[in-house]
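Undergrad: One structure is given below, represented as structure tokens, and several questions about it will come after.
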Amino acid sequence: MDEVPGLVCKVGAEGLHCAAVLGAGVGVAVKVADGSDRAAVPALVRTLELLKVIDDEQRVHLASLGRPAVLGGGRPVGELVAGFRLRRPRG
């Protein structure tokens, strides 16, 4: 994600990924319960998209990270998609 201007990321242990969008006052942390990195990056990219804190150019740079290919026999047979929506917290 270092190719995207204004986006600073930090990877932690056990499926933790954090990002800050400089100038937007937004920080995001994604933790995958099973500790896998495979789902963490698509979830982080999806969250940034839903928060509308990355622009179209940044979205293009992140597209392959947000929907990575799933391989079968060394060839793409699908893609991993983070298809969740965000809700406002209650209270």
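Throughout, read-outs are computed from the coordinates displayed, never taken from laboratory work. What you are looking at is a predicted structure, and each value in this text was computed from that prediction instead of being measured. Heads up, the Cβs are rebuilt from the backbone with ideal geometry, glycines too, and the neighbour counts pull from every protein chain shown.
Undergrad: How far is helix 56-66 tilted off the main Cα axis of the chain, in degrees rounded to 10, range 0 to 90?
TA: 40
Undergrad: Continuing with this model, one more query. Calculate the FRET efficiency for Asp56 and Arg90 from the Cβ-Cβ distance with a Förster distance of 41 Å, rounded to the nearest 0.05.
TA: Numbers: r = 32 Å, r/R0 = 0.79.
In this case the efficiency is close to 0.80.
Undergrad: For helix 37-50, what angle does its Cα long axis make with the longest principal axis of the chain, in degrees from 0 to 90 and rounded to 10?
TA: Around 40 degrees separate the two axes.
Undergrad: Counting each DSSP H run of 4 or more residues in the chain as -39500 (n - 2.57), what helix-only mean residue ellipticity at 222 nm follows after dividing by all residues, to the nearest 500 deg cm²/dmol?
TA: My calculation for the chain gives -8500 deg cm²/dmol from helical runs alone.
Undergrad: Given a Förster distance of 25 angstrom, what is the FRET efficiency for Cys18 paired with Val77, based on the Cβ-Cβ distance and rounded to 0.05?
TA: Working: r = 31 Å, r/R0 = 1.24.
Once rounded, the FRET efficiency stands at 0.20.
Undergrad: Ok, one more. Please state the charge dipole magnitude for the chain, taken about the Cα centre, from unit charges on C-beta atoms (+1 on K and R, -1 on D and E), reported in debye and rounded to the nearest 20. Please list the in-between numbers first.
TA: Values: 12 positive and 10 negative charges, 105 e Å.
Computed charge dipole of the chain: roughly 500 debye.
Undergrad: Which whole-number percent of Cα pairs in the chain have a distance greater than 22 Å? If you can, show how the numbers build up before the last one.
TA: Details: 1160 of 4095 pairs.
Of all Cα-Cα distances in the chain, 28 percent exceed 22 Å.
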